[in-house]
Amino acid sequence: MENSGEEPAVEGGFDGAKATELVAELRRTFASGRTRGFEWRAAQLKAIVRMIEEKETEITAALYEDLSKPGMESYLHEVSMAKAACTFALKELKRWMKPEKVPSSITTFPSTAEIAPEPLGVVLVISAWNYPFLLSIDPVIGAIAAGNAVVLKPSEIAPSTSALFAKLLPDYIDNSCIKVVEGEVPETTALLEQKWDKIFYTGNGKVGRIVMAAAAKHLTPVALELGGKCPVLVDSNVDLKVASKRIVVGKWGCNNGQACIAPDYILTTKSFASKLVDSLKETLDKFYGKDPMESADLSRIVNSNHFNRLAKLLNDEKVSGTVVYGGQQDEKRLKIAPTLLLDVPHDSLMMKEEIFGPLLPILTVSLLEIRMHHLLTFLVSNKSSITCFFLQFDKVEECFDFIYSKDKPLAAYLFTKDKKLKEKFVRTVSAGGMLINDTILHLANPHLPFGGVGESGIGAYHGKFSFDTFSHKKAILSRSFGGEARARYPPYTPQKQKILRGLINGSFIALLLALLGWPRD
């Protein structure tokens with residue numbers, strides 16, 4: 001649906017009063033029922049598909065301005081995935097909207113029961129900067145498919161893409177129901193002060209807590225798509241050449257490591273580590289050349305703040321001497337080369353927070369070391385002199401305890417040919433999602449939920465999970481005026497109590513007596 005002449009996307013000077021007015025306007029529109037019908041939802045989704053097709057060049061240009069993102073990467077990871085999400089929703093929307101018939105129970109016989117999805121109302125989507133097009137439009141697609149009015153707040157850290165949304169969306173969608181608000185912290189704060197029917201936030205845990213605290217004031221449900229330190233376990237029995245390519249493209253082929261599901265660190269056996277490092281080096285040289293700082297296939301670091309953050313991790317004295325590949329930095333061009341580090345101490349800065357950049361530590365740690373961690377931490381806190389050391393292991397499953405010592409990640413990866421190890425990994429490692437013998441591809445399957453657990457997030461989306469995230473599942477029980485059971489009404493005589501107990505326990509005889517009107521008193 002083309003814009004029907006309503007005002008354009010909300011622009012500068014946005015404050016609390018304007019936020020209140022905006023939400024009130026959207027509530028009036030939603031209350032009119034405009035967004036509830038299939039036709040409206042389908043029209044918006046088709047318009048978004050048309051926008052993606054017609055404006056691909058502008059979208060790709062904005063992504064390059066914000067991140068120097070390679071054109072092919074922009075298409076693969078943002079443009080094509082956004083279009084696929086839209087077309088998938090269009091294909092399945094009628095089925096998703098249909099009430100789901102569910103069994104009735106003996107205690108409500110005769111009756112029919114169903115679960116009807118209904119839109120939550122007016123929702124807020126706060127997007128992230130690392131995939132600024134996809135992570136903005138994908139949740140909006142889900143919110144529209146579910147029949148909601150939506151406010152999109154793109155990330156100010158990706159200003160070109162944010163401006164593009166403010167410019168393009170009103171030309172394609174129904175701007176009386178879908179708004180774009182640009183801005184920084186004051187504008188986001190003004191939005192968070194409002195009462196929403198759901199807030200969907202993609203970003204880091206620190207801001208996630210702020211969002212959740214603001215939502216709690218209004219008992220607003222939230223979906224938080226956060227991140228975490230995504231581990232990669234590499235067994236020694238793998239096809240090393242294939243595994244290396246899949247690890248490299250999952251790390252540096254995803255926005256140069258600036259992705260929430262990019263491999264954050266590798267765990268492997270001490271005896272296998274050198275072979276893995278050599279294979280990763282060879283693959284990096286093949287993909288990005290001997291001078292990766294000049295490669296056109298690597299994104300830059302988004303801004304100076306993030307460059308300095310990554311430089312601080314790399315320059316930490318605890319990781320001095322652990323760099324085995326890369327490490328070059330160019331602050332002026334905001335570039336850091338793909339970097340491999342071997343045997344990084346687990347108490348280094350790099351292992352205490354999500355890296356979110358082109359640094360990939362490889363650890364060979366032991367179960368004993370993990371159990372000594374609390375003792376070492378205590379001694380360090382008491383300013384004792386300690387030399388950090390590593391005890392090695394030869395079985396990759398001994399890495400599981402190291403993963404347990406960290407917050408639950410958004411994704412966990414395992415490379416192995418061992419079926420029993422795979423089963424143990426799936427059974428015992430908690431993560432938002434996991435992938436065996438590859439990285440990142442699980443998010444491309446629209447039939448799988450994408451979301452975190454614990455510190456890595458709350459809620460999930462993609463495909464029908466997006467529709468469900470922005471829907472309320474309304475329980476509906478229908479009965480006729482027949483089938484009266486006198487036993488359910490006071491006074492509760494001993495005979496009535498006996499029949500009621502029988503009904504609750506599923507007794508067919510009690511049901512029959514109740515339907516026949518027993519007892520008579």
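The values are calculated or read from the model by the stated rules, or taken from the named source; none is laboratory data. Fair warning: this is a prediction, and the values are worked out from it, not measured in the lab. Cβ: placed from backbone, ideal geometry, glycine included. Neighbour counts: every protein chain shown. Ligands, DNA and RNA are stripped out before the accessible areas are found, and what is left, the full protein with its side chains, is counted by its heavy atoms. Shrake-Rupley method; radii C 1.70, N 1.55, O 1.52, S 1.80 Å.
Among (1) -0.37, -1.09; (2) -0.29, -1.07; (3) -0.37, -1.21, only one was calculated for this model; which label is it, if the read-out is log10 I(q)/I(0) by the Debye sum over Cα atoms at q = 0.06, 0.12 Å⁻¹? Calculated log10 I(q)/I(0) by the Debye sum over Cα atoms at q = 0.06, 0.12 Å⁻¹: the matching label is (1). So the label point goes 7 Å from the Cα of Lys195 along Cα→C-beta, right? Which residues of segment 205-220 then have their backbone N under 11 Å from it? Answer for segment 205-220: 218-220. For the chain, relative contact order (Cα pairs under 8 Å, six or more residues apart, normalised by length) works out to 18 percent.
Estimate the FRET efficiency between Lys241 and Ile210 by the formula 1/(1 + (r/R0)^6), using the beta-carbon distance for r and 41 Å for R0, to the nearest 0.05.
Details: r = 45 Å, r/R0 = 1.09.
Step by step, r from the Cβ atoms, then E = 0.35.
Which order do the peptides 414-424, 30-40 take when ranked by the mean count of other beta-carbon atoms within 10 Å per residue, highest first?
On the way: 414-424: 16.2, 30-40: 14.3.
Averaged packing, sorted descending, gives the order 414-424, 30-40.
Measuring only protein heavy atoms, the 1.4 Å probe finds His472 accessible over about 80 Å². Computed on protein heavy atoms with a 1.4 Å probe, the accessible areas place Ser405, Ser162 in the order Ser405, Ser162, largest first. In the assembled protein chains, Met81 presents an accessible area of approximately 40 Å² (probe radius 1.4 Å). Per residue, the accessible area of segment 148-187 comes to 26 Å² when a 1.4 Å probe rolls over the protein heavy atoms. Taken along the Cα-to-beta-carbon direction at a fixed 7 Å, the label points for Lys498 and Asp15 span 7.5 nm. Rolling a 1.4 Å probe over the protein heavy atoms gives segment 188-321 an accessible area of 40 Å² per residue.
Please give the contour-minus-distance gain from Arg427 to Leu448: 0.36 nm per residue of separation, less the Cα-Cα distance, rounded to one decimal in nm. Stretched fully, the Arg427-Leu448 segment lengthens by 5.8 nm. Computed in the context of the full set of protein chains, the accessible area of the chain at 1.4 Å probe radius has 57% of its extent on carbon or sulfur.
Potential lengthening of the chain between Glu282 and Ser405 amounts to 41.1 nm, from the contour at 0.36 nm per residue minus the alpha-carbon distance. Solvent exposure of segment 457-510 amounts to 64 Å² per residue of accessible area, where only protein heavy atoms count and the probe is 1.4 Å. Modelled this way, with points 7 Å down the Cα-to-C-beta line, the labels at Ser32 and Glu54 are 2.3 nm from one another.
Given a 1.4 Å probe and the protein chains as shown, Leu76 ends up with an accessible area of around 80 Å².
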